[in-house]
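Participant: For reference, the structure I am asking about is given below.
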Amino acid sequence: MKVGIADTTFARVDMARAAISAIKKEVSVEIVRYTVPGIKDLPVAAKKLLEEKGCDIVMALGMPGAAEKDRVCAHEASSGLISAQLMTNKHIIEVFVHEDEASDERTLAWLAERRTAEHALNVVRLLYYPEKLTRMAGTGQRQGYEDAGPIDAGLGGHLGH
Amino acid sequence: MKVGIADTTFARVDMARAAISAIKKEVSVEIVRYTVPGIKDLPVAAKKLLEEKGCDIVMALGMPGAAEKDRVCAHEASSGLISAQLMTNKHIIEVFVHEDEASDERTLAWLAERRTAEHALNVVRLLYYPEKLTRMAGTGQRQGYEDAGPIDAGLGGHLGH
Amino acid sequence: MKVGIADTTFARVDMARAAISAIKKEVSVEIVRYTVPGIKDLPVAAKKLLEEKGCDIVMALGMPGAAEKDRVCAHEASSGLISAQLMTNKHIIEVFVHEDEASDERTLAWLAERRTAEHALNVVRLLYYPEKLTRMAGTGQRQGYEDAGPIDAGLGGHLGH
Amino acid sequence: MKVGIADTTFARVDMARAAISAIKKEVSVEIVRYTVPGIKDLPVAAKKLLEEKGCDIVMALGMPGAAEKDRVCAHEASSGLISAQLMTNKHIIEVFVHEDEASDERTLAWLAERRTAEHALNVVRLLYYPEKLTRMAGTGQRQGYEDAGPIDAGLGGHLGH
Amino acid sequence: MKVGIADTTFARVDMARAAISAIKKEVSVEIVRYTVPGIKDLPVAAKKLLEEKGCDIVMALGMPGAAEKDRVCAHEASSGLISAQLMTNKHIIEVFVHEDEASDERTLAWLAERRTAEHALNVVRLLYYPEKLTRMAGTGQRQGYEDAGPIDAGLGGHLGH
């Protein structure tokens with residue numbers, strides 16, 4: 001198995017380091033890293049990792065800015081990442097941390113590292129332990145901030161909507 | 001016939017359980033389940049179920065959050081699900097329940113289960129009874145909350161628009 | 001020649017009936033109907049009609065709701081219908097009637113039937129009489145409400161912009 | 001060389017006439033015209049002109065309405081035209097004139113004709129004189145209203161940003 | 001190695017000159033330039049440079065206007081550039097400078113030249129020195145205005161979120 005890590009020089013945190021460290025704690029697997037300028041360069045970088053470097057899965061790491069233009073960039077990048085997956089039949093786990101998701105830089109850095117680390121676990125599960133993901137299905141997992149948790153319809157189900 | 005169920009750990013309700021239960025009540029069919037982290041992972045998961053697991057149809061189950069960012073995610077996921085269908089010539093029935101579609105968590109859970117169960121019937125109809133769908137055409141069917149019902153242009157049609 | 005009609009159980013008017021009736025008034029042609037749950041299921045339905053059922057053209061009929069979410073659904077469906085056309089080099093005539101295009105249900109039903117019937121004529125023209133469309137080019141044709149009509153730059157062209 | 005012209009019955013000006021007249025003034029080239037109902041029908045029409053009629057380039061002419069829904073239609077059509085170009089490696093020059101780009105109908109008609117004629121020159125340049133476009137690079141060319149013109153960073157470049 | 005430069009007559013600054021000058025300062029490489037009318041023509045121009053002219057990488061240079069319509073154009077062009085990359089497995093470095101990114105024309109021209117020159121360095125790095133990009137990963141690089149710089153989670157990491 002081989003894991004690709006695509007990251008950017010635009011990001012303000014070395015998310016790839018967090019990803020690599022989290023993966024290596026879990027499994028012994030070859031990792032290929034590919035750094036590009038910005039998030040819009042990630043789709044083809046991820047596809048090249050999958051098709052030219054023989055990766056089985058890729059993490060695409062980025063930190064979009066807070067402006068409206070940046071949100072559009074992130075949307076374009078995300079759409080491209082989905083297209084790249086459909087063209088290869090392989091997963092690309094997108095880890096985007098938006099600058100406006102934290103109130104200060106320290107929290108933003110913390111969030112970027114933690115979300116990356118938690119998604120690294122998802123990568124390991126998709127590759128080696130898919131049944132673990134199924135056991136966690138519908139339980140409101142979040143990456144970064146705390147989980148939302150499961151909800152249920154209560155005893156006797158929905159009474160009179 | 002084989003039905004694929006793609007669901008997420010992000011969702012707060014075990015929608016796949018509701019789907020499987022509803023399908024099994026109707027027909028005896030093989031079901032393959034595949035759980036991924038979030039809704040943006042669903043398009044490739046569905047495509048893999050169709051192409052690698054031999055499924056004839058897939059249900060893609062997810063619960064997007066209520067924030068603007070989540071709406072964009074849902075849009076990206078939906079677009080990817082449509083692309084996956086066009087690439088395979090097979091149906092992927094999307095069942096998304098948005099967190100802001102219900103006023104409280106219990107109703108949200110109820111809605112997720114009911115919409116999933118009602119769409120499971122659509123899956124069965126598409127596979128085995130397409131003529132039933134044609135009989136229901138234009139009748140304002142809804143999944144989850146109550147049907148909108150059919151309307152018509154009245155006696156004598158439109159008088160003086 | 002074979003015409004495909006893809007419609008939905010979500011719509012509140014039997015638009016397919018209006019389409020079939022309008023086509024049959026004009027030409028004798030084989031019609032294949034395929035009903036799906038909602039508008040996001042139309043792109044693959046149309047593609048299957050073109051590729052698996054041998055249709056030469058398809059009408060995709062739907063009635064998106066009035067909420068913001070419904071507008072996004074319609075956008076996703078429309079984009080998918082355009083992709084399906086590009087993948088097949090065949091026309092799919094989209095006939096969408098938005099719930100907020102009419103002030104009351106009776107007018108909405110009238111609008112759905114009339115727009116469908118008028119687009120059915122476009123289907124017939126595309127298949128059999130493309131030169132008729134060219135004669136109508138640039139004349140402000142509308143389907144449903146009245147035509148906008150042609151405009152011109154006036155005698156002597158644009159004087160002092 | 002063969003030029004395709006795709007236009008619509010929805011437009012309120014015979015833009016194709018303006019295009020054909022402008023091209024014929026410049027070069028002697030075969031022109032194939034294909035009229036469809038609306039702008040969302042243009043992507044496949046353009047692709048058919050390129051692939052089935054042997055055109056080397058296509059002009060896609062349309063006049064989107066002024067409502068929000070029309071803007072979304074134009075976005076879908078434009079995205080489809082870009083996809084069609086990527087699938088064929090040939091240019092499709094989009095000429096869209098939005099109804100709200102002019103204050104009155106006469107100016108709108110004038111604008112539609114002038115923008116079409118100016119883009120027809122671009123088509124001729126792309127086919128026969130690409131070096132002319134390079135000489136015009138970065139000079140703020142506009143089609144319809146007057147050119148924006150070039151700007152430069154001034155003597156000595158940027159002083160103290 | 002061969003670098004493609006796709007630019008527009010719409011832009012108000014000769015960005016290609018800035019790109020070519022910056023590349024030539026760094027490496028001796030063949031450059032192919034292709035000028036098109038506007039940014040929506042860039043995706044196919046870039047794809048033709050990659051597939052028909054044998055380029056290994058392309059810079060796509062453009063200056064979208066400041067109006068809402070222009071933002072949509074830029075979004076369509078960007079999406080097309082990402083698709084072109086996924087279809088070719090090669091990088092297209094997009095350099096767009098929006099008219100509203102600077103308060104006056106002189107600064108806008110300065111920004112266009114500087115962003116282009118800085119992205120030209122990224123092109124050289126992607127082609128010849130990918131390890132340099134990895135060393136710059138997560139350091140908040142920006143092209144044009146000054147870099148945002150790296151941030152970190154502080155000593156002891158996140159304490160009490």
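Participant: Scan segment A:63-82 and give yes if some residue there is free of Cβ contacts under 8 Å to residues at least 12 places away in the same chain and within 24 Å of E:ASP152 (Cβ to Cβ), otherwise no.
Facilitator: Yes.
Participant: Among the residues of segment D:1-21, write down those that are open to solvent by 10 Å² or more (accessible area, probe 1.4 Å) and more than 10 Å from every other protein chain (Cβ to nearest Cβ).
Facilitator: First, the residues of segment D:1-21 that are open to solvent by 10 Å² or more (accessible area, probe 1.4 Å): D:1-2, D:10, D:12, D:14, D:17-18, D:20-21.
If the condition is that a residue be open to solvent by 10 Å² or more (accessible area, probe 1.4 Å) and more than 10 Å from every other protein chain (Cβ to nearest Cβ), then D:MET1, D:LYS2, D:ILE20, D:SER21 are the ones that fit.
Participant: Do you know which of the residues in segment E:42-53 that are out of contact with any Ser or Thr (no Cβ under 7 Å at 6 or more places or on another chain) and open to solvent by 10 Å² or more (accessible area, probe 1.4 Å) is farthest from E:SER83 (Cα to Cα)?
Facilitator: Result: E:LYS53.
Participant: Also, quick follow-up: For segment B:33-55, what are the residues that are more than 9 Å from chain A (Cβ to nearest Cβ) and out of contact with any Lys or Arg (no Cβ under 8 Å at 6 or more places or on another chain)? Step through it out loud before you land on a result.
Facilitator: First pass over segment B:33-55, keeping only residues more than 9 Å from chain A (Cβ to nearest Cβ): B:39, B:42, B:46, B:49-50, B:53-55.
Of everything in segment B:33-55, those that are more than 9 Å from chain A (Cβ to nearest Cβ) and out of contact with any Lys or Arg (no Cβ under 8 Å at 6 or more places or on another chain) turn out to be B:ILE39, B:LEU42, B:ALA46, B:LEU49.
Participant: Does any residue of segment A:94-113 turn out to be more than 18 Å from B:ALA46 (Cβ to Cβ), of a type in the set (Gly, Ala, Ser) and in contact (Cβ under 8 Å) with a residue 40 or more places away in the chain?
Facilitator: So the first thing to find is which residues in segment A:94-113 are more than 18 Å from B:ALA46 (Cβ to Cβ), and the list is A:95-113.
Subsequent filtering for residues that are of a type in the set (Gly, Ala, Ser) retains A:102-103, A:109, A:112.
Subset that is in contact (Cβ under 8 Å) with a residue 40 or more places away in the chain: A:109, A:112.
Yes, because at least one residue in segment A:94-113 is more than 18 Å from B:ALA46 (Cβ to Cβ), of a type in the set (Gly, Ala, Ser) and in contact (Cβ under 8 Å) with a residue 40 or more places away in the chain.
Participant: In segment A:60-73, what residues are under 13 Å from A:ASP41 (Cβ atoms) and either surrounded by fewer than 22 Cβ atoms within 10 Å (Cβ to Cβ) or in contact with a Gly (Cβ under 8 Å, 6 or more places away or on another chain) (or both)?
Facilitator: Of everything in segment A:60-73, those that are under 13 Å from A:ASP41 (Cβ atoms) and either surrounded by fewer than 22 Cβ atoms within 10 Å (Cβ to Cβ) or in contact with a Gly (Cβ under 8 Å, 6 or more places away or on another chain) (or both) turn out to be A:GLY62, A:CYS73.
Participant: Give D:MET136, D:MET87 a once-over and let me know the one that is of a type in the set (A, V, I, L, M, F, W, C) and in contact (Cβ under 8 Å) with a residue 12 or more places away in the chain. Working first, answer last.
Facilitator: Numbers: D:MET136 fails: in contact (Cβ under 8 Å) with a residue 12 or more places away in the chain.
Result of the check over D:MET136, D:MET87: D:MET87.
Participant: As an exercise: evaluate C:MET136 against (1) over 21 Å from B:ALA84 (Cα atoms); (2) under 16 Å from the mean Cα position of the chain (by Cα); (3) within 9 Å of chain D (Cβ to nearest Cβ) and give the number of the one condition it does not meet.
Facilitator: Evaluating C:MET136 over (1) over 21 Å from B:ALA84 (Cα atoms); (2) under 16 Å from the mean Cα position of the chain (by Cα); (3) within 9 Å of chain D (Cβ to nearest Cβ) leaves (2) as the failure.
Participant: Output the residues belonging to segment B:118-136 that are hydrophobic (A, V, I, L, M, F, W, C) and part of a helix (DSSP H, G or I).
Facilitator: Looking only at segment B:118-136, we keep the residues that are hydrophobic (A, V, I, L, M, F, W, C), and these are B:120-121, B:123-124, B:126-127, B:133, B:136.
Passing the criteria: B:ALA120, B:LEU121, B:VAL123, B:VAL124, B:LEU126, B:LEU127, B:LEU133.
Participant: Oh, and also: Check D:ALA148 against each of (1) of a type outside the set (Val, Ile, Thr); (2) within 27 Å of E:ALA109 (Cα to Cα); (3) more than 7 Å from every other protein chain (Cβ to nearest Cβ) and name the one condition it does not meet.
Facilitator: Failed condition: (3).
Participant: Something else: Could you check segment A:21-38 and list, in sequence order, the residues that are under 16 Å from the mean Cα position of the chain (by Cα), touching a residue at least 40 places away in the same chain (Cβ under 8 Å) and over 19 Å from A:LYS90 (Cα atoms)?
Facilitator: Correct list: A:SER21, A:ALA22.
Participant: Consider segment D:116-133. How many of its residues are away from chain E (no Cβ under 11 Å) and under 22 Å from D:ILE39 (Cα atoms)?
Facilitator: Qualifying residue count for the region: 3.
Participant: Also, I was wondering about something else. Among the residues of segment C:89-115, write down those that are more than 16 Å from the chain's Cα centre (by Cα), facing another protein chain (nearest Cβ under 8 Å) and open to solvent by less than 40 Å² (accessible area, probe 1.4 Å). If you could, list the steps in order and put the result at the bottom.
Facilitator: Kept after step one, since they are more than 16 Å from the chain's Cα centre (by Cα), are these residues of segment C:89-115: C:89, C:100, C:102-107.
After this cut, where a residue has to be facing another protein chain (nearest Cβ under 8 Å) as well, the list is C:89, C:105-107.
Answer for segment C:89-115, where residues must be more than 16 Å from the chain's Cα centre (by Cα), facing another protein chain (nearest Cβ under 8 Å) and open to solvent by less than 40 Å² (accessible area, probe 1.4 Å): C:ASN89, C:THR107.
Participant: Taking the stated definitions as given, is D:GLU51 out of contact with any strand residue (DSSP E or B) (no Cβ under 9 Å at 6 or more places or on another chain), more than 24 Å from E:VAL32 (Cβ to Cβ) and in contact (Cβ under 8 Å) with a residue 60 or more places away in the chain? Break it down stepwise before answering.
Facilitator: Numbers: out of contact with any strand residue (DSSP E or B) (no Cβ under 9 Å at 6 or more places or on another chain): yes; more than 24 Å from E:VAL32 (Cβ to Cβ): yes; in contact (Cβ under 8 Å) with a residue 60 or more places away in the chain: no.
No: the conditions fail for D:GLU51.
Participant: Which of (1) buried (at least 22 other Cβ atoms within 10 Å of the Cβ); (2) over 20 Å from D:ILE92 (Cβ atoms) does C:ASP56 not meet, given it meets every other one?
Facilitator: Against the list (1) buried (at least 22 other Cβ atoms within 10 Å of the Cβ); (2) over 20 Å from D:ILE92 (Cβ atoms), C:ASP56 comes up short only on (1).
Participant: From the list A:GLU26, A:GLU30, which one is away from chain E (no Cβ under 12 Å), open to solvent by 20 Å² or more (accessible area, probe 1.4 Å) and either out of contact with any Leu (no Cβ under 8 Å at 6 or more places or on another chain) or β-branched (Val, Ile, Thr) (or both)? Walk me through how you get there before you give the answer.
Facilitator: Numbers: A:GLU26 fails: either out of contact with any Leu (no Cβ under 8 Å at 6 or more places or on another chain) or β-branched (Val, Ile, Thr) (or both).
Of the residues listed, the single one that is away from chain E (no Cβ under 12 Å), open to solvent by 20 Å² or more (accessible area, probe 1.4 Å) and either out of contact with any Leu (no Cβ under 8 Å at 6 or more places or on another chain) or β-branched (Val, Ile, Thr) (or both) is A:GLU30.
Participant: Could you please find all residues in segment E:127-150 being in contact with a helix residue (DSSP H, G or I) (Cβ under 7 Å, 6 or more places away or on another chain) and either open to solvent by 50 Å² or more (accessible area, probe 1.4 Å) or at pLDDT 95 or above (or both)? Outline the logic, then answer.
Facilitator: Of the residues in segment E:127-150, the ones in contact with a helix residue (DSSP H, G or I) (Cβ under 7 Å, 6 or more places away or on another chain) are E:132-133, E:137-138, E:143-144.
E:LYS132, E:LEU133, E:ALA137, E:GLY138, E:GLN143 - these are the residues of segment E:127-150 that are in contact with a helix residue (DSSP H, G or I) (Cβ under 7 Å, 6 or more places away or on another chain) and either open to solvent by 50 Å² or more (accessible area, probe 1.4 Å) or at pLDDT 95 or above (or both).
The values are calculated or read from the model by the stated rules, or taken from the named source; none is laboratory data. Remember, it's a predicted structure, so these values are computed and weren't measured experimentally. Counting neighbours? That spans all protein chains shown, and the Cβs are built from the backbone with ideal geometry, glycine included. Heavy atoms of the whole protein, side chains included, go into the accessibility calculation; ligands, DNA and RNA do not. Shrake-Rupley method; radii C 1.70, N 1.55, O 1.52, S 1.80 Å.
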